[in-house]
Protein chains: 2
Amino acid sequence: MTSRDGYQWTEKSGLIKGVPSLGVIQPPTNIKDEQAVYDVIVIGAGYCGLTAARDAALSGLKVLLLEARDRIGGRSWSSNIEGYPFEMGGTWVSWGQPHVWREISRYEMRDQLEISHDYSRGVNYFSLNSSSSSRNMSHDDEDKLMESALKKFANVDGQYGRIIMPFPHSESHNPEAAKFDKMSVADRMAQIKDDLSPDEHTALLGFVLLCSCSTPEKTSFYEYLHWWALCNYSYEYCIEYLIKYKFKGGQSSFAINFFREARATGNLSYAFNTPVATVKDNESDVEVTARDGKTYKAARLISAIPMNILKDVTFSPPLIVGKLEASQTSHVNKCVKVHAEVRDRNLRSWSGITYPNNSLMYAIGDGTTPSGNTHIVAFGGSHNQLQPEKDINKTLSALQAMTPMDIERVVFHNWADDEFARGAWFFSPPGLVTKHLQELRAPQGNIYFANSDWAVGWRSFIDGAIEEGTRAAFAVKKDLDRTRSSHL
Amino acid sequence: MTSRDGYQWTEKSGLIKGVPSLGVIQPPTNIKDEQAVYDVIVIGAGYCGLTAARDAALSGLKVLLLEARDRIGGRSWSSNIEGYPFEMGGTWVSWGQPHVWREISRYEMRDQLEISHDYSRGVNYFSLNSSSSSRNMSHDDEDKLMESALKKFANVDGQYGRIIMPFPHSESHNPEAAKFDKMSVADRMAQIKDDLSPDEHTALLGFVLLCSCSTPEKTSFYEYLHWWALCNYSYEYCIEYLIKYKFKGGQSSFAINFFREARATGNLSYAFNTPVATVKDNESDVEVTARDGKTYKAARLISAIPMNILKDVTFSPPLIVGKLEASQTSHVNKCVKVHAEVRDRNLRSWSGITYPNNSLMYAIGDGTTPSGNTHIVAFGGSHNQLQPEKDINKTLSALQAMTPMDIERVVFHNWADDEFARGAWFFSPPGLVTKHLQELRAPQGNIYFANSDWAVGWRSFIDGAIEEGTRAAFAVKKDLDRTRSSHL
């Protein structure tokens with residue numbers, strides 16, 4: 001099935017909207033009784049909503065899952081073109097991510113992972129293009145450069161962040177950490193600029209902006225420190241946990257298990273292509289009105305709507321001030337993820353950073369397609385925003401500016417322009433996360449709010465989405481059990 | 001409530017069998033209908049059985065949980081004496097353990113963890129007592145010594161095990177790794193003996209035998225490498241994942257959540273004090289006969305019986321040869337875990353290894369009791385087997401041989417002599433794990449076998465128990481759904 005989301009381009013076909021994906025659900029709805037009152041409505045079929053819907057359905061609750069798109073996965077999904085998966089948003093997973101690993105283990109997909117990089121053949125170098133110089137170096141030298149730069153950046157306490165943020169899965173454990181949310185990455189760069197070589201400067205910003213897909217000024221240093229703490233305070237584990245292991249069949253081959261398991265309970269009703277306009281908490285129940293005017297009712301509601309979109313849905317009673325303010329401020333990740341299928345087999349072992357004079361800043365050889373071509377994945381952000389669907393030639397040039405390549409196909413998802421996401425994975429601007437995290441996590445009346453955007457562990461990741469979906473389903477079940485037993 | 005398990009001793013009271021624990025369940029059974037036929041019977045209420053019973057009950061199956069002891073937790077439980085938890089078996093957990101962390105997160109217990117060691121006050125040294133020397137060193141020097149020794153030990157491939165065992169959660173991914181199961185720890189020591197200083201030799205054996213609680217000859221080098229790979233191939237993460245974070249309220253405060261959640265579904269029947277004698281698979285159902293002659297029936301059965309005990313239960317049809325052979329061979333962990341409450345406040349920051357001339361080999365300052373005393377935990381194994389319930393004076397001497405201490409109370413569980421465990425956490429002798437792992441994991445007819453002893457990730461750990469309980473409940477649900485829908 002082909003999703004409306006994403007774009008593909010070849011010289012022959014030109015730009016085509018939509019790409020095929022295992023995550024597209026047919027038929028798009030299974031609702032039989034339009035008057036049904038559910039135990040819980042879940043809005044959003046990304047990993048968070050899928051987990052919440054699955055856990056609630058497994059626990060015997062009657063669930064309605066509503067999704068604006070034609071597919072599951074939300075900001076994390078894979079396309080499948082001629083048998084090869086391109087990851088449109090979200091890619092890498094690891095056993096260092098506990099919630100995601102529990103599911104990989106449970107669905108017996110441990111052996112379905114492969115490693116993105118392959119340094120066994122080809123050019124086997126890293127290209128570093130700054131405003132003043134351009135050169136290639138070995139991956140060993142890349143690692144040394146990165147490690148040195150990242151350690152200087154994170155070393156706020158003489159222990160590379162271990163003292164300031166000792167519990168990565170409870171990052172506010174040490175209240176001293178909060179002060180770093182007053183700082184941007186630009187502020188931190190200014191503190192250490194005399195310690196950095198020009199290469200370290202470029203490599204560091206390339207890596208940090210790969211995390212936030214924003215500008216140094218708009219990227220919270222605290223949030224970066226949290227990622228760093230989650231990655232065992234080391235560059236080695238940044239690679240290990242952030243950018244190494246992916247699903248051989250694409251991650252929609254993983255997400256579909258959640259949906260199928262939920263459906264198999266017999267407790268799941270669902271409707272795709274159903275953007276929500278309003279959510280009304282009547283105290284006795286919650287009523288959802290879709291953009292098409294249809295209404296749905298349930299005892300409880302789990303909103304798995306991303307933070308940047310919350311403000312676009314009308315809640316009644318209105319969202320508490322903290323939630324609304326956070327949504328209006330918005331997180332800053334404006335990732336444009338561009339895949340290039342290139343005829344250069346030697347680029348399989350290539351990686352590169354080009355910053356600041358390009359609209360893509362980080363790329364790696366990510367796979368080999370069935371025809372033997374190399375698959376390159378590249379990331380751009382708001383420091384120099386690309387709009388590939390509006391200017392494919394600029395996109396092709398931005399790819400070439402990373403390293404010369406002979407491009408056969410381009411596949412991309414422009415998350416910055418996606419109306420149901422308004423950005424890719426969460427990344428906090430200075431001040432937002434420490435100020436609003438607790439408010440974002442709080443329920444309101446019969447409405448529970450769950451999203452990777454406010455997870456406490458791997459916030460921004462598939463793992464955080466599953467953490468949050470798990471939390472919401474557990475809370476709703478407890479709430480309904482308590483309410484209903486007190487009515488007996 | 002007081003469990004029959006474990007022992008406590010004070011000078012005044014002498015030796016008393018049994019210790020209080022949050023894990024003791026009252027009333028010991030809730031069975032109403034003795035003729036009921038269940039969807040699934042789960043044998044064993046350790047973390048594996050608890051997880052299986054909980055997940056099955058949550059998914060709507062009618063579950064009967066049978067347990068030989070008077071408490072939940074199996075080989076992992078905490079006593080609670082005068083408001084202070086002593087961990088009787090199993091203690092430490094971490095976010096590096098995905099299944100356990102998913103549950104800690106789900107039960108909102110992230111902030112219920114504390115760190116065992118406290119180097120902020122007191123003697124602040126590590127005692128290393130070998131057959132030829134006895135000395136104290138700083139914990140920094142301890143770390144350096146340990147790191148150096150452990151790296152030499154694990155460095156079979158020039159990359160500290162990363163090449164030979166690249167996927168710790170799928171350790172047989174590289175078939176080359178299997179050859180190390182032909183080697184014992186003694187064999188590996190012989191290979192590197194010229195590279196080790198006498199201190200490194202003692203420290204290394206003290207640490208490795210803390211893992212296996214056996215002798216170097218009987219400890220599989222492969223299994224140790226697997227632990228090492230799980231710990232990010234580093235001493236730092238051996239400490240981080242194996243011996244750092246524990247539950248403030250003792251781990252029975254964690255386990256009880258699984259039981260309560262299962263019970264709250266209304267789908268859980270249970271009987272404690274019910275050792276099982278026979279399990280008979282009649283094809284149409286499974287029949288369990290307890291030692292007291294009572295029988296129970298279900299469509300499926302999950303045996304969460306530990307490997308060393310499998311041979312003590314009569315299965316009909318009999319266990320496949322591989323399972324029986326593994327149970328008869330037995331894993332080698334004969335841990336005796338001894339807690340000492342001591343009047344020496346300065347020992348809070350002490351740790352030590354005494355090897356080989358003592359029957360306890362590893363100990364650390366693990367906490368401060370409500371009266372301000374120091375809590376020391378010490379481990380012994382089969383290299384010099386202690387039987388504290390038979391000779392408490394020898395136990396007191398073994399503690400004093402670690403470092404002089406003024407002992408007020410001793411609490412212990414002798415796992416080697418426990419009839420329902422015949423050993424503590426799984427540790428493989430050479431040859432067993434690579435030969436029998438797949439056979440141990442295989443179902444037989446209507447019977448599923450689940451236990452941390454044959455987990456693929458954190459085998460031997462609470463995490464592995466949850467991994468296995470999750471696997472079994474998932475498989476049984478799928479099996480019953482398939483069977484029953486085909487009968488419609």
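Nothing in this text is a laboratory measurement; each read-out follows from the coordinates by a stated rule. Keep in mind the model is a prediction, meaning the values are calculated, not measured. Glycine also receives a Cβ, built like all others from the backbone with ideal geometry; neighbour counts cover every protein chain displayed.
Listing for the model above:
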{"read-out": "Sparsely packed GluC sites (Glu not before Pro) within the stretch A:359-431, loop by DSSP, other Cβ within 10 Å at most 14", "value": "A:Glu419"}
{"read-out": "For B:Glu11, A:Glu223, order by how many other beta-carbon atoms lie within 10 Å, fewest first", "value": "B:Glu11, A:Glu223"}
{"read-out": "Ascending count of other beta-carbon atoms within 10 Å, so fewest first, for B:Ser116, B:Ser220", "value": "B:Ser116, B:Ser220"}
{"read-out": "Degrees between helix B:139-154 axis and first principal axis of chain B (Cα, 0 to 90, nearest 10)", "value": "60 degrees"}
{"read-out": "0 to 90° range, to nearest 10: angle between helix A:392-402 axis and chain A longest Cα axis", "value": "50 degrees"}
{"read-out": "The protein assembly as shown - Debye-derived log10 I(q)/I(0), Cα point model, q = 0.07, 0.09, 0.10 Å⁻¹", "value": "-0.61, -1.03, -1.26"}
{"read-out": "Cross-link table B:Lys244/B:Lys337; A:Lys248/B:Lys435; A:Lys478/B:Lys477; A:Lys297/A:Lys435; B:Lys311/B:Lys334; B:Lys62/B:Lys337, entries beyond 27 Å C-alpha to C-alpha", "value": "A:Lys248/B:Lys435; A:Lys297/A:Lys435; B:Lys62/B:Lys337"}
{"read-out": "Relative frequency of Cα-Cα separations exceeding 34 Å in chain A, percent", "value": "33 percent"}
{"read-out": "Neighbour-count ranking [beta-carbon atoms within 10 angstrom, fewest first] of A:Thr289, A:Thr369, B:Thr219", "value": "A:Thr289, A:Thr369, B:Thr219"}
{"read-out": "Cα-centred dipole magnitude for the stretch B:153-283, charges only on beta-carbon of K, R (+1) and D, E (-1), debye, nearest 20", "value": "620 debye"}
{"read-out": "Among A:Asn346, A:Asn129, A:Val377 the positive-end extreme of the charge dipole of chain A (Cβ point charges)", "value": "A:Val377"}
{"read-out": "FRET efficiency estimate (nearest 0.05) - Cβ-Cβ, B:Lys179 to A:Leu15, R0 51 angstrom", "value": "0.40"}
{"read-out": "Contact order normalised by residue count of chain A, Cα under 8 Å, 6+ apart, percent", "value": "24 percent"}
{"read-out": "Ellipticity estimate at 222 nm from DSSP helix runs (n ≥ 4, -39,500 (n - 2.57)) divided over chain A, nearest 500", "value": "-9500 deg cm²/dmol"}
{"read-out": "Cα-based helix-to-principal-axis angle, A:198-212 vs chain A, degrees rounded to 10", "value": "20 degrees"}
{"read-out": "Estimated FRET transfer efficiency (B:Thr314, B:Lys152; beta-carbon r; R0 56 Å; 0.05)", "value": "0.75"}
{"read-out": "Among A:Cys238, A:Ile309, A:Tyr270 - extreme Cα towards positive end, dipole of the stretch A:230-314, charges at beta-carbon", "value": "A:Tyr270"}
{"read-out": "Zone residues, the stretch B:446-474, relative to B:Asn30, backbone N less than 20 Å from point 7 Å out along Cα-to-Cβ", "value": "B:473"}
{"read-out": "Label-point separation, B:Glu236 to B:Ile115 (7 Å along Cα→Cβ), nm", "value": "1.4 nm"}
{"read-out": "About the Cα centre, charge dipole magnitude for the protein assembly as shown (Lys/Arg +1, Asp/Glu -1 at Cβ), debye", "value": "1520 debye"}
{"read-out": "At R0 = 22 Å, FRET efficiency that the Cβ-Cβ distance of A:Asp406 and A:Lys144 yields, to 0.05", "value": "0.10"}
{"read-out": "Shielding by other protein chains, B:93-103, mean Cβ within 10 Å", "value": "6"}
